[in-house]
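Take a look at the structure below.
The values are calculated or read from the model by the stated rules, or taken from the named source; none is laboratory data. From a predicted model like this one, the values you see are computed outputs, not experimental measurements. Ideal geometry is used to build each Cβ from the backbone, glycine not excepted, and the neighbour counts take in all protein chains shown.
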Amino acid sequence: MDDLYREIIIEHYKNPGYKGHLEPHDYAFEDSNPLCGDHIEITLRVGADGKVAEAAFDGHGCAISQASADLLIESIIGQPLEDVKQLNKQHILDLLGIDLGPVRLKCALLSLKVLKAGLYGMGEAPDSLVE
């Protein structure tokens with residue numbers, strides 16, 4: 001089963017469906033993982049119904065950080081903003097479907113940290129946002 005998930009990760013890394021930048025946007029935030037150099041920016045638009053209408057990410061980094069960003073964006077489109085604010089690290093782990101060590105976990109969670117910091121309007125994205 002891990003092989004299937006690894007193939008999904010590689011596919012989202014090589015051919016991300018949600019890579020780009022939205023202009024105009026309602027929310028935007030970016031952050032980096034200083035340990036490995038991964039960088040992610042997320043922009044999104046919210047519809048009048050309070051649901052994520054469009055979202056995109058941009059940045060660079062390892063396959064895990066980029067694939068998790070693409071998978072996360074895919075999973076939030078059409079979701080109520082209040083539900084998106086409640087996502088936690090288990091959501092990302094379920095999307096990736098593989099076990100990760102502590103260093104790779106930081107890579108995987110960067111997109112969620114960026115998303116939540118943008119939604120909560122924080123100047124800095126604390127790790128506690130993803131627990």
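Here is how the numbers come out for the structure above:
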{"item": "Candidates 25, 21, 39, filtered to the one that is at pLDDT 95 or above and part of a strand (DSSP E or B)", "result": "39"}
{"item": "The range 80-115, subset in a helix (DSSP H, G or I) and without any contact (Cβ under 8 Å) to a residue 12 or more places away in the chain, residue surrounded by the fewest Cβ atoms within 10 Å (Cβ to Cβ)", "result": "102"}
{"item": "Residue check for residue 67: surrounded by 23 or more Cβ atoms within 10 Å (Cβ to Cβ), of a type in the set (Gly, Ala, Ser) and farther than 18 Å from residue 34 by Cβ", "result": "yes"}
{"item": "Count of the range 40-63 residues which are over 17 Å from residue 79 (Cα atoms), out of contact with any Ser or Thr (no Cβ under 7 Å at 6 or more places or on another chain) and buried (at least 17 other Cβ atoms within 10 Å of the Cβ)", "result": "5"}
{"item": "Residue check, residue 31 in a helix (DSSP H, G or I), closer than 13 Å to residue 112 by Cα, touching a residue at least 40 places away in the same chain (Cβ under 8 Å) and touching a strand residue (DSSP E or B) at 6+ places or on another chain (Cβ under 9 Å)", "result": "no"}
{"item": "Flag for residue 52 being touching a residue at least 12 places away in the same chain (Cβ under 8 Å), among the hydrophobic types (A, V, I, L, M, F, W, C) and not in a helix (DSSP H, G or I)", "result": "yes"}
{"item": "Test: residue in the range 27-39 that is farther than 20 Å from residue 106 by Cβ and either crowded, with 16+ Cβ neighbours inside 10 Å or under 16 Å from the mean Cα position of the chain (by Cα) (or both)", "result": "yes"}
{"item": "The range 60-79 residues that are farther than 10 Å from residue 9 by Cα, paired with ones that are of a type in the set (Phe, Trp, Tyr) (beta carbon under 7 Å, 6 or more apart)", "result": "69/57; 73/18; 73/57; 74/18"}
